[in-house]
Amino acid sequence: MTTCDFALIGAGIAGASLAAELAESGARVLLLEAEDRPGYHATGRSAAFWEECYGGPELVPLTLASGDYLRDNGFLTRRGALYIGREEDAGELDAFMERFGKTGATIERLDRAGLEKRIDGLREDWTGAVWEPACADIDVAGLHAHYLARARKAGVQLECRARVSHIEKSEGAWVIGCEDGRNFASANLVNAAGAWADTIAQMAGARALGIQPLLRTVAQLRTNPAPDPDQPLVLDISGRFYFKPEAGRLWLSPHDEQPSAPCDAAPQELTVAEAIDRLEKVVTWRVEVVERRWAGLRSFAPDRLPVYGWDPKVEGFAWFAGQGGYGIQTSPAAARLAAQLLLGLERDEMTRRLDASLYDPARFH
Ligand SMILES: Cc1cc2nc3c(=O)[nH]c(=O)nc-3n(C[C@H](O)[C@H](O)[C@H](O)COP(=O)(O)OP(=O)(O)OC[C@H]3O[C@@H](n4cnc5c(N)ncnc54)[C@H](O)[C@@H]3O)c2cc1C
């Protein structure tokens, strides 16, 4: 049996980034992944944007704290984002400005003329927007591979096809059993299992926190005209769609949030049709073909904030879960903070301004 300081369950962006941070601080780390390859679930299915206001004001510090790392390592390409609204949404656009005005996010209110400069073929009833110039595309595959490479270099042992099926404590250590009969031992256990976070907690005898997977759908469309490659990410201020160009195609989501059991999520035709219907009410472009569609699970704690740190009741069991719809864009600061919390290290430049109590699992006990 392998013995280590930390066994992390799940090698999506959460597990990969935290494994790298822990191992680089000297811990012996084991990273267990159920699938053939890391990144098969939420991490490999994202819409790949870094958007300062996404997830609400309490998330902005994590997103901003991650921005420099992502930029400095070449993972961001500037795109800009527009939250758009109709005449009747003016109040909502103003409220958005008010809500995020003091968070440090760079935002600006635009009128119809400002909108027309940024989206071709916009239908007439869209009259206002909030402009967020710093929004960027994230090279998600590159970022995930970067963390896995950092982890490997720091000595992390990655085990794929290691679906954890039972967990017990024996003589002060965790014994982690996999479906294929392999067993591993570790002093500490970290739950980075995304949609399966509550399942893993229960296996380990910890209380489930109510982390709920919500299904989100994305479709890749060929449109006529093809989207301008520099067009911003466009989000509905009322949360009914977003779309952005991607390599000559359009990625469109109806911003759906269907509660789901943890699973290999699949898109539904009806949801894609709804998304297209909404798009056609925004722009005059013709949708020619749905080339690809996919769905993934975004997993939220009851207050929609992530959960990082030691479980208050079960010794040696830690959470790194509930990354919701922003687990990629927050990963550098989230992983650094979580490693500092688990190892009892001082905060550094990246994490100094973060309020860890917001993300503490103890808030649910
Ligand atoms: C459609 C969509 C669009 C999104 N867009 C964005 C975006 O633009 N920007 C952004 O920042 N975020 C976005 N997100 C959210 C982001 O993808 C997630 O927050 C992030 O990927 C979560 O990472 P994770 O590692 O926690 O989960 P996952 O990537 O799901 O990883 C969890 C891993 O745990 C493994 N696991 C589970 N149970 C076991 C077990 N018993 N044994 C071993 N391994 C196990 C799973 O196999 C899985 O690989 C989006 C998500 C979706 C679905």
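The values are calculated or read from the model by the stated rules, or taken from the named source; none is laboratory data. Owing to the predicted nature of the structure, the values given are computational and were not obtained by experimental measurement. Glycine also receives a Cβ, built like all others from the backbone with ideal geometry; neighbour counts cover every protein chain displayed. Keep in mind that these areas ignore ligands, DNA and RNA; they rest on the heavy atoms of the full protein, side chains included. Shrake-Rupley method; radii C 1.70, N 1.55, O 1.52, S 1.80 Å.
Gain in length, ASP120 to LYS153, computed as 0.36 nm per residue apart minus the alpha-carbon separation, to one decimal in nm? Intermediate values should be presented prior to the final figure.
On the way: separation 33, 0.36 × 33 = 11.88 nm, distance 4.66 nm.
My answer for the length gained is 7.2 nm.
Could you please state how large a percent of the accessible area of the stretch 146-288 is carbon and sulfur, counting protein chains only and using a 1.4 Å probe? Could the numbers behind the result be given before it?
On the way: 2980 of 6270 Å².
With neighbouring chains kept in place, the figure for the stretch 146-288 is 48 percent.
Which whole-number percent is the relative contact order of the stretch 211-365 (Cα, under 8 Å, 6+ apart)? Please report the intermediate quantities before stating the final value.
Details: 277 pairs, mean separation 37.5, N = 155.
Result for the stretch 211-365 is 24 percent.
Of the heavy-atom accessible surface of the stretch 12-99 (probe 1.4 angstrom), what whole percent is carbon and sulfur?
After summing per-atom areas, the C and S share lands at 43 percent.
Skip the ligands, DNA and RNA, and give the accessible area per residue of the stretch 282-327 with a 1.4 Å probe, whole Å².
Numbers: 1720 Å² over 46 residues.
Result: 37 Å² per residue.
Let a ≥ b ≥ c be the square roots of the eigenvalues of the Cα gyration tensor of the stretch 1-64; is it rounded (a/c under 1.5), or, if not, prolate (a/b larger than b/c) or oblate?
oblate
At 7 Å along Cα-to-Cβ for each site, give me the label-to-label distance between SER238 and ASP111 in nm.
My value for the distance between the label points is 2.4 nm.
Quick check: from the Cα gyration tensor, does the stretch 83-136 come out rounded (a/c under 1.5), prolate or oblate? Please report the intermediate quantities before stating the final value.
Values: a/c = 2.91, a/b = 1.40, b/c = 2.08.
Here the stretch 83-136 falls in the oblate category.
So what's the net charge close to GLN323: Lys and Arg +1, Asp and Glu -1, counting the other residues with Cβ under 12 Å from its Cβ? Mind dumping the intermediate values first?
Details: positive: ARG298, ARG304; negative: none.
Result for the neighbourhood of GLN323: +2.
Quick one: check the C-alpha center-to-center distance for the stretch 183-247 versus the stretch 329-365, whole angstrom.
Taking the Cα centre of the stretch 329-365 as reference, the centre of the stretch 183-247 is 20 Å away.
Can you give the extra length, in nm with one decimal, that the chain gains between ASN183 and LYS281 once fully stretched, where that is 0.36 nm per residue apart less the Cα-Cα distance?
Between ASN183 and LYS281, full extension yields an extra 29.8 nm.
With a sphere of radius 14 Å drawn around the Cβ of GLN202, what net charge do the other residues whose Cβ falls strictly inside it have (Lys, Arg +1; Asp, Glu -1)?
-1
Hey, with R₀ at 51 Å, roughly what FRET efficiency would SER170 and GLU92 work out to, going by the Cβ-Cβ distance, to 0.05? Kindly include the intermediate steps, with their values, before the conclusion.
Details: r = 55 Å, r/R0 = 1.08.
That pair, SER170 with GLU92, gives E of 0.40.
On a 0 to 90° scale, report how tilted helix 269-280 is relative to the longest principal axis of the chain, with both axes built from alpha carbons and the result rounded to the nearest 10.
Between helix and principal axis, roughly 40 degrees.
Among LEU345, LEU158, LEU110, which one moves the most in a GNM of the chain with springs linking Cα atoms closer than 10 Å?
LEU345
So, in Å, what gap is there between the alpha-carbon centers of the stretch 310-328 and the stretch 123-175?
After rounding, the separation between the Cα centres reads 13 Å.
Enumerate lysine pairs in the chain that are 8 or more residues apart or on different chains, then count those whose Cα atoms are under 19 Å apart. Intermediate values should be presented prior to the final figure.
Details: LYS117/LYS244; LYS117/LYS281; LYS169/LYS313; LYS244/LYS281.
The result is 4.
Residue-wise, which Karplus ³J(HN,Hα) couplings in Hz belong to the stretch 76-87, taking 6.51 cos²θ - 1.76 cosθ + 1.60, θ = phi - 60°, and x for glycine or proline?
Each residue of the stretch 76-87 in turn: 10, 10, 4, 10, x, 9, 10, 8, 10, x, 8, 3 Hz.
Could you tell me which of ALA16, GLY80, LEU64 has its Cα farthest along the dipole of the stretch 1-159 towards the positive end, charges placed at Cβ (Lys, Arg +1; Asp, Glu -1), taken about the Cα centre?
Selected residue: ALA16.
Provide the gained length on full extension for the span ASP228 to LEU345, in nm with one decimal, where the gain is 0.36 nm per separating residue minus the Cα-Cα distance. Kindly include the intermediate steps, with their values, before the conclusion.
Values: separation 117, 0.36 × 117 = 42.12 nm, distance 4.63 nm.
Contour length minus the Cα-Cα distance gives 37.5 nm.
Could you give each residue of the stretch 160-171 its phi-based ³J(HN,Hα) in whole Hz, using Karplus coefficients 6.51, -1.76, 1.60 with θ = phi - 60°, and x for Gly or Pro?
8, 6, 10, 7, 5, 10, 8, 9, 9, 9, 9, 6
Can you bin the stretch 51-125 into rounded, prolate or oblate? Criterion: square roots of the alpha carbon gyration tensor eigenvalues sorted a ≥ b ≥ c, rounded for a/c under 1.5, prolate for a/b above b/c, oblate for the rest. Walk me through the numbers before you get to the answer.
Values: a/c = 3.14, a/b = 1.50, b/c = 2.10.
Oblate.
Scan the chain and report its longest stretch carrying no GluC sites (Glu not before Pro) that are both in a DSSP loop and have at most 13 other Cβ atoms within 10 Å. Let's see the in-between values first.
Details: sites that count: GLU124, GLU171, GLU179, GLU315, GLU346, GLU349.
Between the exposed loop sites, the longest stretch runs 180-314.
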